[in-house]
1. If you go through the range 6-30, how many residues are over 16 Å from ASN66 (Cα atoms), touching a residue at least 12 places away in the same chain (Cβ under 8 Å) and surrounded by 12 or more Cβ atoms within 10 Å (Cβ to Cβ)?
2. Quick one: would you say GLY461 is without any contact (Cβ under 8 Å) to a residue 40 or more places away in the chain, on the phi > 0 side of the Ramachandran plot and open to solvent by 20 Å² or more (accessible area, probe 1.4 Å)?
3. Anything in the range 412-457 that is open to solvent by 10 Å² or more (accessible area, probe 1.4 Å) and among the acidic types (Asp, Glu)? List them, or say none.
4. Are any residues in the range 398-418 touching a residue at least 40 places away in the same chain (Cβ under 8 Å) and over 25 Å from TYR542 (Cβ atoms), and if so, which ones?
5. List, please: which pairs have Cβ atoms under 6 Å, are six or more places apart or on different chains, and start with a residue in the range 189-210 that is under 22 Å from HIS138 (Cβ atoms) and end with one that is modelled with pLDDT of 95 or more and in a strand (DSSP E or B)?
6. Determine which single condition SER315 fails, assuming it passes every other condition in (1) closer than 29 Å to PRO265 by Cβ; (2) modelled with pLDDT under 95.
7. Residue by residue through the range 305-332, note down the ones that are in a loop (DSSP other than H, G, I, E, B) and either open to solvent by less than 10 Å² (accessible area, probe 1.4 Å) or hydrophobic (A, V, I, L, M, F, W, C) (or both).
8. Please indicate, with yes or no, whether at least one residue in the range 151-164 is within 15 Å of the chain's Cα centre (by Cα) and of a type in the set (Asp, Glu).
Amino acid sequence: MIYIKPEILERINSWLTPAFDGETQQTIKDSIANDPEGIQESFYKDLEFGTGGMRGVMGVGTNRINKYTLGKSTQGLSDYLHKQFPNETPKAVIAYDCRHNSKTLAKVVANVFSANGIEVYLFEDLRATPELSFAVKHLNCHCGIVLTASHNPPEYNGYKVYWQDGGQLVPPHDGALIDIINHVDYAKIKLESNDSLIHYIGKEVDDIFIDASVKNGSVGATQSAKDDLKIVFTSLHGTSITAVPETLKRAGYKNVSIVKEQEVPDGDFPTVASPNPEEPAALKMALELAEKQNADIVIGTDPDCDRLGVAVRNSEGNLQLLNGNQTMVMMVDFLLKKWKSEGNIKGNEFIATTIVSTPMLNKLAESYGVSNKIVLTGFKWIAKLIKDYPELDFIGGGEESFGFMVGDFVRDKDAVTSTLLACEIAAIAKSNGSSFYDELVKLYVDYGCYKEKLISLTKKGIEGAEEIKQMMSDARENPLKEINGSKVLKFEDYDLSVSKNMITGETSRLDVPKSNVLIYYTEDGSQVALRPSGTEPKIKFYVSVNRTLSTIENFKNVETELDNKAEAILKDMKLI
């Protein structure tokens, strides 16, 4: 018989009280009798806000997504809103994705808000996450909530909080809110709605959002260029079907083929092992359709439509999946070209990326005379830059994990506008006798050839969390002095806010918020970063390698050399 730890049993017993409904209590009793190991997983900790908000497996317990854990968070947020805006009636907007229970849980959140005297705008049906970010500012709301677990497996759901600027919560609000939530008693959650404060919204917001996406995502493709571009798009059973096709249509793109088998939103994601556009298998059906139709570009988005995967024809005419860094570099370059051609680069503009993304953006920014601001992983930090530097103009930015943001009308990664931007780049390049891929290779000639590789190790459950913690501790206490035969010159510890020169031993302070991230910089220009995921039971290792590229014709050889080097680094670190 499996022994349940006393502190966990105390948590479990607190849910066997009248504050919780009979169905919840019975599920707990059944689990104690039949699945004691599972019930410990459900109660051993509270769900926490990570880089992408709060995500978890749905079910009963403090470590699960359910009406009580979301109710507790929403009750705490309600209390915080009243504290922050004592002389106003706070307003909140809520959206949700295609996942199981999302619509029901969104109504629970609306109920709690309304029961606390907060006016609520609830989308009538599923909507893309970037539209939620847009709606916060458009409706002059004090906060926004989206129910989503992004690309996690079907058993997951999640809860992301946005503030007045349309960006996700950042300091000081995140810490202050978490402290209030932690002190909320489940028995004090107000679950009975005040329906007079709940307003349903839909097409009237959609139209304004889509028009804004068309405006921001267009970089000058002519109508003839648009007519000549063949596009295959898949929503991977997610919310993007509500916005992307219409955005492309309004922008003038007519040759758009949608993968029908993946068009209908479905929380089971039945045609893919994972609805993650980072994984090549997720775009398999789209690539097959593209080959049949001789399409120029393939785009797939994740379930809540904030990230996109892109495949284009390479120099041999074969469809090739780009990684997030490659797509980001192309998007930034085309935006910079547009700003420069229009005479809008004055010296007070910036782009943005994250500490684990490609260093190539530094070269791009320098070339165009703009600054590149580098922040922690998570788009909330990029959105925060816009708020922190109101005197500067934000052009665009992204991260390696397939997220990008065009301008500041949305304050989170936005696959709607980014899909249009990718198509614009492809259309312009094709009309000029080039291609998306060829333009990327030209950038490598101009700025150096950069290749990145990501390895994720999944470590589930209590033991997995401890293993990840130990791996980070070992790396922190015993940093590598050499990687794949190249000396480590610098070691950065973002949790301790310390940068150490590994040759002289000198240290300096990292002026960014603390985060559990370690980065090595080697003598040959390589970078290796490691961090636990904020939303999944994984530890991630990011490798970036580079070298000069003299000619376009030599690209394949250099690319192979860099791929081999990245693999050698991972082998040297015993990760593959």
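1. 2
2. Taking the combined requirement at face value, the residue does not satisfy it.
3. ASP438, GLU439, ASP446, GLU452
4. Passing the criteria: GLY407, PHE409, VAL410, VAL416, THR417.
5. Close Cβ pairs satisfying both conditions: LEU197/GLU119; LEU197/VAL120; ILE198/VAL120; ILE198/LEU122; HIS199/TYR121; TYR200/LEU122; ILE201/TYR121; ILE201/PHE123.
6. The one condition SER315 does not meet is (1).
7. Selection gives CYS305, ASP306, LEU322.
8. Checked against the condition, which is being within 15 Å of the chain's Cα centre (by Cα) and of a type in the set (Asp, Glu), the range 151-164 yields no hits at all.
The values are calculated or read from the model by the stated rules, or taken from the named source; none is laboratory data. None of the values given here were measured: they were computed from a predicted structure. Quick reminder, even Gly has a Cβ in these numbers, built from the backbone with ideal geometry, and neighbours come from all protein chains shown. Surface areas here come from the heavy atoms of the whole protein model, side chains and all, with no ligands, DNA or RNA. Shrake-Rupley method; radii C 1.70, N 1.55, O 1.52, S 1.80 Å.
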